[in-house]
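The block underneath contains the structure these notes are about, expressed in structure tokens.
The values are calculated or read from the model by the stated rules, or taken from the named source; none is laboratory data. Remember, it's a predicted structure, so these values are computed and weren't measured experimentally. Cβ placement follows ideal geometry from the backbone for every residue including glycine, while neighbour counts extend to all protein chains displayed. Areas reflect the complete protein model, heavy atoms only, side chains present, ligands, DNA and RNA absent. Shrake-Rupley method; radii C 1.70, N 1.55, O 1.52, S 1.80 Å.
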Amino acid sequence: MHHNAGTTLRDGTTVSDLINLETREVKVRALSDPELYELEMERIFAKTWIFLGHETEIPNKGDFVTRDMGSDAVIVARDRDNEIHVSLNVCPHRAMRVQTHDAGNTNVHMCIYHGWAFKPNGDFIGAPVEKECMHGKMTPKDQLGLKKARVALYGGLIFATWNIDGPSLEEFFGDAKYYFDTLFLRTKGGLEVLGPPQRFRINANWKTACEQSAADGFHTLTLHRWLAEVGPYAKKPDAEGKGADLSPEMYGSEVWTDHGHALRCIELDRKILRLTGKNPAELSPVEKLTALPPPGITPEMVPELLERFDDGQLKLMSWRPPQVGGFFPNGLFEFIYLPQPDGTIVGACALHAYIPKGPDKLEFMNWIFAEKDTPPELKARMLRQSVQMLGTSGMVEMEDSDTWPHQTEVAKGAMSKTITMKYQAMFDQGAPEGWPGPGHVGDGFTKDDTQWAWWKYWHELMTSEK
């Protein structure tokens, strides 16, 4: 990949002027600049793999949903052969949006403007009054279809890219796939969506949400302080009156990759001790997984985990599983444990995508998941509590989405846009002893390395000539 550090904006500023790779700083201007936004759509969202949804949203032949790949609208459709396709939602005749509905079922996507029709795979069918040949004779019919993206399915998740000859999705995931597998490939039945995604718009630049999604742990201590006061992690004050403290949840291991993917792997030992009364160090991974199954997994499903994962992954899942993190550029996953009043724990499984809608607007989309084989009553509890905590108006996400507009507005100020965001809290030790997985790993209290990796890959793509 060739780089051009001198990619220049109209005022003479280069992209590399906005990020100091030595001091780990990013100028606030990066969160608002309209010209930079246009470059991001071309160099990031038109080049990388973008998460669009889940195959269970379109279970039947002819089903479709409309989504966005950066600034481009697309149709995600299942054809008669059960194959999933992603096509640009722009008619090649007069540039009308072909599909105007959010979702539906049809074997023919017809443009309402002039009636040009297309198959679910994007192929051109024809135009009205065929004998008059509305589409002309200069361009062959087989070249009049919708522009097609490259599609990959992973654990039912639908990803697409316009980079037809670029890296595969597995190559793009890199070392992160070892960890993602423990979230998205857990059972034979697989995950399913619990209803359509929630969505709402926020007056904020997409990067404010996405760089936080790269496993920012620090904000939890302050922005979500209530979790330790009245929330599921609340503790009764001790003899010294100390109770509201989330800092124990900030210890564990964090993983990051050269492609900007990030994972926070949080210690489970305290939860297992509380549930079992036994020293976790004396329990096997199987015993710990049975006592505290991963979010969305029941004890009855644990044997299936043993069949699907190697010893290292089982150790990880029972010790420090990935609970929060992101896949570059705009996805966030949350597989978390929610303590209940009766001392039990209910899992929450959610995925967010932050869709760019302009330099100072984004659309927040939220999917709630459960394993297909999860008992219906547990699915209902997972859905209710996931929406209450992690939904678009949930107790956690409502706070996150309150900060992003402030950051975006600040980034427009004559003086403010020149100051820098700092990512200088660094792990001083690598992976803990016995760590089973690959990637860059830091151990201890949460740090900035994961977010800094996100920005480094942003810079790599933004200065690339390919």
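Kindly provide the set of residues from region 327-357 that are assigned to a strand (DSSP E or B) and among the aromatic types (Phe, Trp, Tyr), ordered by number.
Correct list: Phe327, Phe333, Phe335, Tyr337, Tyr354.
Any residue in region 154-167 that is within 28 Å of Arg186 (Cα to Cα) sitting within a Cβ distance under 7 Å of a residue that is polar (S, T, N, Q)? List the pairs, counting only those 6 or more apart or interchain.
Note: pairs meeting the criteria are Gly156/Thr56; Thr161/Thr48.
Since Gly260 meets every condition but one in (1) open to solvent by less than 10 Å² (accessible area, probe 1.4 Å); (2) within 23 Å of Gln451 (Cα to Cα); (3) in contact with a Cys (Cβ under 8 Å, 6 or more places away or on another chain), which condition does it not meet?
The single condition Gly260 does not satisfy is (3).
Which residues, counting only those in region 33-44, are in contact (Cβ under 8 Å) with a residue 24 or more places away in the chain and out of contact with any helix residue (DSSP H, G or I) (no Cβ under 9 Å at 6 or more places or on another chain)?
Hits for region 33-44 are Pro34, Glu35, Met41.
Please work out which one of (1) in a helix (DSSP H, G or I); (2) among the acidic types (Asp, Glu); (3) surrounded by 19 or more Cβ atoms within 10 Å (Cβ to Cβ) is the condition Asp360 fails and give its number.
Result: Asp360 fails condition (1) only.
Looking only at region 374-415, count every residue that is β-branched (Val, Ile, Thr) and not in a helix (DSSP H, G or I) and tell me the total.
3
Regarding Glu377, is this residue of a type in the set (Asp, Glu) and over 19 Å from Met398 (Cβ atoms)?
yes
Under 6 Å by Cβ, and 6 or more places apart or on different chains, what pairs join a residue from region 74-92 that is open to solvent by 50 Å² or more (accessible area, probe 1.4 Å) with one that is modelled with pLDDT of 95 or more and not small (Gly, Ala, Ser)?
Arg80/Lys61
Quick one: what pairs do we get from region 443-466, first residue within 12 Å of Leu263 (Cα to Cα), second part of a helix (DSSP H, G or I), C-beta under 7 Å, 6+ apart or different chains?
Once the first residue is within 12 Å of Leu263 (Cα to Cα) and sits in region 443-466, its partners that are part of a helix (DSSP H, G or I) give Thr446/Phe218; Thr446/Met250; Gln451/Glu211; Trp454/Glu211.
Pairs, please: C-beta under 7 Å, at least 6 apart or cross-chain, first residue surrounded by 17 or more Cβ atoms within 10 Å (Cβ to Cβ) and in region 412-437, second assigned to a loop (DSSP other than H, G, I, E, B) and not hydroxyl-bearing (Ser, Thr, Tyr)?
Here the result reads Lys417/Ala411; Tyr423/Arg24; Tyr423/Asp448; Phe427/Lys447, each pair linking region 412-437 to a residue that is assigned to a loop (DSSP other than H, G, I, E, B) and not hydroxyl-bearing (Ser, Thr, Tyr).
Collect the residues in region 310-326 that are assigned to a loop (DSSP other than H, G, I, E, B) and surrounded by fewer than 19 Cβ atoms within 10 Å (Cβ to Cβ), keeping them in residue-number order.
The one that is assigned to a loop (DSSP other than H, G, I, E, B) and surrounded by fewer than 19 Cβ atoms within 10 Å (Cβ to Cβ): Asp310.
Step by step: first the residues of region 152-204, then only those that are small (Gly, Ala, Ser) and part of a strand (DSSP E or B), then the one that is surrounded by the most Cβ atoms within 10 Å (Cβ to Cβ). Which residue is that?
The selected residue is Ala160.
Can you find a residue in region 448-457 that is part of a strand (DSSP E or B) and at negative phi?
Within region 448-457, none of the residues are part of a strand (DSSP E or B) and at negative phi.
Within region 327-335, identify whether any single residue is in contact (Cβ under 8 Å) with a residue 40 or more places away in the chain, crowded, with 24+ Cβ neighbours inside 10 Å and over 13 Å from the mean Cα position of the chain (by Cα), and answer yes or no.
no
Go through region 118-139 and count every residue that is small (Gly, Ala, Ser), within 39 Å of the chain's Cα centre (by Cα) and surrounded by fewer than 17 Cβ atoms within 10 Å (Cβ to Cβ).
The total comes to 1.
Please go through region 366-386 and pick out each residue that is open to solvent by 50 Å² or more (accessible area, probe 1.4 Å) and either modelled with pLDDT of 95 or more or not basic (Lys, Arg) (or both).
Lys372, Asp373, Pro376, Glu377, Ala380, Leu383, listed by residue number.
Which one is surrounded by the fewest Cβ atoms within 10 Å (Cβ to Cβ) among residues in region 8-32 that are in a helix (DSSP H, G or I) and without any contact (Cβ under 8 Å) to a residue 60 or more places away in the chain?
If we take residues in region 8-32 being in a helix (DSSP H, G or I) and without any contact (Cβ under 8 Å) to a residue 60 or more places away in the chain, then Asp17 is surrounded by the fewest Cβ atoms within 10 Å (Cβ to Cβ).
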